[in-house]
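K.L.:
My structure is below; once you've seen it, I'll send some questions.
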Amino acid sequence: MTRTPWQILGHLLMPGWRVRRVFPRAVLARIEAAVAASEVRHGGQIRFVVEGALGVLPLFRGHSARDRARQVFAGLGVWDTRDNNGVLIYLLLADRDVEILADRGFNGKVDGVQWEAVCQEMEGHFRAGRFEAGALAGIARVDTLLARHFPRGPGGQGSAGNELPDAPALL
């Protein structure tokens, strides 16, 4: 990925406290509650992750938010759910870039266009400085897709319980 000098500078100058400023404890608690409430409706697992900026080495190697999201997806074990229906919602704050990665249980069920629509809605909120609204809107949209394809209850999946933490991860 090619970044402009201004984008690179934005990553290098992103202070660690910035993530906490746009996602204070109260907002993180509401995001956690939204994930927990969502997972009552379906058998899927959602992880919401915010990272302030890429490190110097990945930044200068041209790594994208998608590249980093793949690393986070694996590192947090989002791929390791019983029904292969984990979903990572990853925000790279310095770029206001959202990436959604879904496990292989979604193959043939949800296409890239649908995931991209969720990302674009969230990114619009984030560009306008509405971080809580963007996060909650994204979780709601992912919830709708999960409920459609992984319903909870008789004949549905999701009897494995809560396999991933509901609390957002700040990296």
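A short reminder: the numbers here are calculations on the coordinates, not readings from a lab. Everything numeric in this text was worked out from a predicted model, so none of it was measured. Neighbour counts run over all protein chains shown; Cβ positions are idealised from the backbone, glycine included.
K.L.:
Quick check: the angle from helix 131-149's long axis to the longest principal axis of the chain, C-alpha only, nearest 10 degrees?
P.N.:
That helix lies at roughly 30 degrees to the long axis.
K.L.:
Using the Cα centre of the chain as origin and beta-carbon charges of +1 (Lys, Arg) and -1 (Asp, Glu), tell me which of GLY62, LEU101, PRO165 is placed farthest towards the positive end of the dipole.
P.N.:
GLY62
K.L.:
Still on this structure, I have one more. If you average the alpha carbon positions of the stretch 80-124 and of the stretch 1-75, how far apart do those two centres end up, in angstrom?
P.N.:
Centre-to-centre (Cα) distance: 12 Å.
K.L.:
Still on this structure, please answer the following. Charges at C-beta only: +1 for Lys and Arg, -1 for Asp and Glu. How large is the resulting dipole of the chain about its Cα centre, in Debye rounded to 20?
P.N.:
So the magnitude is around 320 debye.
K.L.:
Could you tell me the extents of the stretch 43-171's C-alpha atoms along the three principal axes, largest first, rounded to whole Å?
P.N.:
Extents along the principal axes, in whole Å: 48, 28, 27.
K.L.:
Under a 5 Å amide H to amide H cut-off, with H placed in plane at 1.01 Å, what residues pair with ILE46 once short-range neighbours are removed?
P.N.:
Long-range HN contacts for ILE46: VAL87.
K.L.:
Turning to a different aspect of this structure: What do the square roots of 5 times the Cα gyration tensor eigenvalues come to for the stretch 1-116, in whole Å, largest first, as semi-axes of the equivalent ellipsoid?
P.N.:
The equivalent ellipsoid of the stretch 1-116 has semi-axes of 27, 19, 11 Å.
K.L.:
With a ≥ b ≥ c the root eigenvalues of the C-alpha gyration tensor of the stretch 1-54, is it rounded (a/c under 1.5), prolate (a/b larger than b/c) or oblate?
P.N.:
Note, shape of the stretch 1-54 comes out oblate.
K.L.:
Right, something else. When DSSP beta bridges are limited to those with both residues in the chain, what percentage is antiparallel, rounded to the nearest 5?
P.N.:
Roughly 45 percent of the beta bridges in the chain run antiparallel, per DSSP.
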